[in-house]
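The values are calculated or read from the model by the stated rules, or taken from the named source; none is laboratory data. Small disclaimer: the values here were computed from a predicted structure and weren't measured. Positions of Cβ are generated from backbone atoms using ideal geometry, with glycine treated the same way; all protein chains shown enter the neighbour counts. All accessible areas refer to the heavy atoms of the entire protein, side chains included, with ligands and DNA or RNA removed. Shrake-Rupley method; radii C 1.70, N 1.55, O 1.52, S 1.80 Å.
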Amino acid sequence: MMEQISMLDDRGKSAPLASRLRPETLDEYVGQKHLVGKGKILRQLIESDNISSMIFWGPPGVGKTTLARIIAKQTKADFVEMSAVTSGVKEVKEIMNNAEQARIMGIRTLLFTDEIHRFNKAQQDAFLPYVEKGSIILVGATTENPSFELNSALLSRCKVFILKALEESDLMEMLHRAITDTKGFGDMNIAITDEQLSIIARFANGDARTALNTLEMAVLNGKVNADASVTVDDETLAQCMNRRSLLYDKSGEEHYNLISALHKSMRNSDPDAAVYWTQRMLYGGEDPLYIARRLVRFASEDIGMADSGALQVAVSVYQACHFLGMPECDVHLTHAAVYLSMAPKSNAVYKACEECKRDIKEMPAEPVPLQIRNAPTKLMKDLDYGKGYIYAHDTEEKLSKMKCLPDTLADKSYYRPGEQGREKAVKERLERIMEWKKS
């Protein structure tokens, strides 16, 4: 059992480390040098107090909220903070009305909205007239692609700044500060190596909050020595990092980014990348059946007749995932991802499907030719249903020259096989069939 240090003292140290170390100035701010480095545009806007409505878009723990609070300290506008998780249309309108009254008195209002992507269309619409009039300067933070999640009218009135995941060097700088700054553990004697800090930085995967929380857990559960110093050993650190933090939102943009990466890696016949993206999704908590369904789709869309066995493998793996679930089915998904990556590729079936759908959508709905209609009643036979039908099995070639497409599409070709894998033999056979029908 690890001995835990009490941080409850009269210096406010009971607050989480990440809160105690939250930067208050741009000089203390870590990362995002492309935005707030010396001479960069966002820094100039902040320092000149020339802020307009903007959206901060980036993954969790990269400093979106911190940057908004730094702006609030440096701007001459009133600062109002709200969260899309807890606020409704009523709260939004109340804030907007107060901001409008302040504008009439010559006072600007800077409204910081965390998780702005969670506002629905009606709530977002409530912002629009006040942003247009300048009653508020809207600063929104989102982890989701704003082009998907924000109304186009609101988005067009905001400048989007992209915040990147923190580099390992950024996190190391922040962790060193946590150890030396009196707002962190600077007034304690903490024995932790640079190698251990580097492990924490790598584990955090670009997320400052994760890095600081991990460090805090390691220190609070460290070994307390006789001189009141604290030693963080490797075993303690390992227990604090039993699962790495990976950015993955099963309903958000990263969900589609990762499945796209898997699909394109397999299409590019790159089994190593396919294995990596499969495991990334599984590790992030993705439903294995979702991945299996996408593999089934890939087998026909990108392989098709070049190797029809690919579809059998993909369907079998779906069934295996259904039977076993996680974690056992990870190897089956890997099996399928590797097989599909290495299979010969053809999108001829997919192209035939899409081209045919376009014709059905754009052209008149043609009647079924009489010769291939069913004629179960005498009336239908009298109306020539089935007249001229040739049963292919009755012919020596097992073929006939009977037309099966509507007249307006009589010469249409949808399926045009390639020459990869087994589809080359299919192409040769189709060419012989077409030549025979023309003869």
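Out of everything in region 201-211 that is part of a helix (DSSP H, G or I) and of a type outside the set (Lys, Arg), what residue ends up being farthest from Gly184 (Cα to Cα)?
Phe203
Taking region 391-439, which residues are farther than 29 Å from Glu362 by Cα, touching a helix residue (DSSP H, G or I) at 6+ places or on another chain (Cβ under 8 Å) and surrounded by 12 or more Cβ atoms within 10 Å (Cβ to Cβ)?
Within region 391-439, Leu399, Ser400, Glu419, Gln420, Gly421, Arg422, Glu423, Val426 meet the criteria.
Just to be sure I understand the filter: pairs with C-beta atoms under 6 Å, separated by 6 or more residues or on different chains, first member in region 106-133 and under 13 Å from Met54 (Cα atoms), second member open to solvent by less than 30 Å² (accessible area, probe 1.4 Å) and in a loop (DSSP other than H, G, I, E, B). Which pairs pass?
Leu110/Thr75; Leu110/Ala77; Ile116/Ala84; Val131/Ser53
Can you tell me which of Phe185, Phe203 is open to solvent by less than 70 Å² (accessible area, probe 1.4 Å), within 24 Å of the chain's Cα centre (by Cα), aromatic (Phe, Trp, Tyr) and farther than 17 Å from Tyr29 by Cα?
None of the other options fit; the residue is Phe203.
Read through the list (1) modelled with pLDDT under 85; (2) closer than 20 Å to Ile433 by Cβ, then give the number of the only condition that Lys403 fails.
(1)
Could you check region 69-99 and list, in sequence order, the residues that are at pLDDT below 80 and within 29 Å of the chain's Cα centre (by Cα)?
Passing the criteria: Ser83, Ala84, Val85, Thr86, Ser87, Gly88, Val89, Val92.
Mind checking whether some residue in region 125-144 is open to solvent by 20 Å² or more (accessible area, probe 1.4 Å) and in contact with a Phe, Trp or Tyr (Cβ under 9 Å, 6 or more places away or on another chain)?
For region 125-144, residues open to solvent by 20 Å² or more (accessible area, probe 1.4 Å) and in contact with a Phe, Trp or Tyr (Cβ under 9 Å, 6 or more places away or on another chain): present.
Let's see how each residue does on (1) closer than 30 Å to Gln279 by Cα; (2) among the hydroxyl-bearing types (Ser, Thr, Tyr); (3) touching a strand residue (DSSP E or B) at 6+ places or on another chain (Cβ under 7 Å):
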{"position": "Thr334", "(1), (2), (3)": "yes, yes, no"}
{"position": "Ala337", "(1), (2), (3)": "yes, no, no"}
{"position": "Pro344", "(1), (2), (3)": "yes, no, no"}
{"position": "Thr377", "(1), (2), (3)": "no, yes, no"}
{"position": "Lys427", "(1), (2), (3)": "no, no, no"}
{"position": "Ile433", "(1), (2), (3)": "no, no, no"}
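I'd like the full set of residues that are at pLDDT below 85 and out of contact with any helix residue (DSSP H, G or I) (no Cβ under 8 Å at 6 or more places or on another chain), limited to region 169-187.
Result: Asp187, single match.
Any idea which of (1) within 20 Å of Ala77 (Cα to Cα); (2) modelled with pLDDT of 85 or more; (3) surrounded by fewer than 18 Cβ atoms within 10 Å (Cβ to Cβ) is the one Leu26 doesn't satisfy?
For Leu26, the exception is condition (3).
If Ile71 passes every condition in (1) hydrophobic (A, V, I, L, M, F, W, C); (2) in contact with a Phe, Trp or Tyr (Cβ under 6 Å, 6 or more places away or on another chain); (3) crowded, with 20+ Cβ neighbours inside 10 Å but one, which one does it miss?
Just one mismatch for Ile71, condition (2).
So which residues in region 188-200 are aliphatic (A, V, I, L, M), open to solvent by 20 Å² or more (accessible area, probe 1.4 Å) and assigned to a helix (DSSP H, G or I), if there are any at all?
Ile199, the sole residue that qualifies.
Hey, can you tell me all the residues within region 328-357 that are under 16 Å from Asp287 (Cβ atoms) and open to solvent by 80 Å² or more (accessible area, probe 1.4 Å)?
Residue satisfying the conditions is Glu328 alone.
Working carefully through the options Ala410, Ala337, find the one that is within 47 Å of the chain's Cα centre (by Cα) and modelled with pLDDT under 85.
Ala410
The conditions are (1) open to solvent by 30 Å² or more (accessible area, probe 1.4 Å); (2) within 26 Å of the chain's Cα centre (by Cα), and Asn50 fails exactly one of them. Which is it?
(2)
Within region 14-33, how many residues are among the small types (Gly, Ala, Ser), more than 29 Å from the chain's Cα centre (by Cα) and closer than 14 Å to Arg209 by Cα?
1
Might you check whether a residue that is more than 23 Å from the chain's Cα centre (by Cα) and over 30 Å from Ser413 (Cβ atoms) occurs anywhere in region 297-316?
Yes.
Table: residues versus (1) within 13 Å of Ile137 (Cβ to Cβ); (2) surrounded by fewer than 20 Cβ atoms within 10 Å (Cβ to Cβ).
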{"site": "Ile55", "(1), (2)": "yes, no"}
{"site": "Gly61", "(1), (2)": "no, no"}
{"site": "Val80", "(1), (2)": "yes, yes"}
{"site": "Lys90", "(1), (2)": "no, yes"}
{"site": "Thr109", "(1), (2)": "yes, no"}
{"site": "Phe119", "(1), (2)": "no, no"}
{"site": "Ala122", "(1), (2)": "no, yes"}
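If I ask for residues that are aliphatic (A, V, I, L, M), without any contact (Cβ under 8 Å) to a residue 40 or more places away in the chain and outside any loop (DSSP other than H, G, I, E, B), which ones from region 212-244 would you list?
Within region 212-244, Met217, Ala218, Ala238 meet the criteria.
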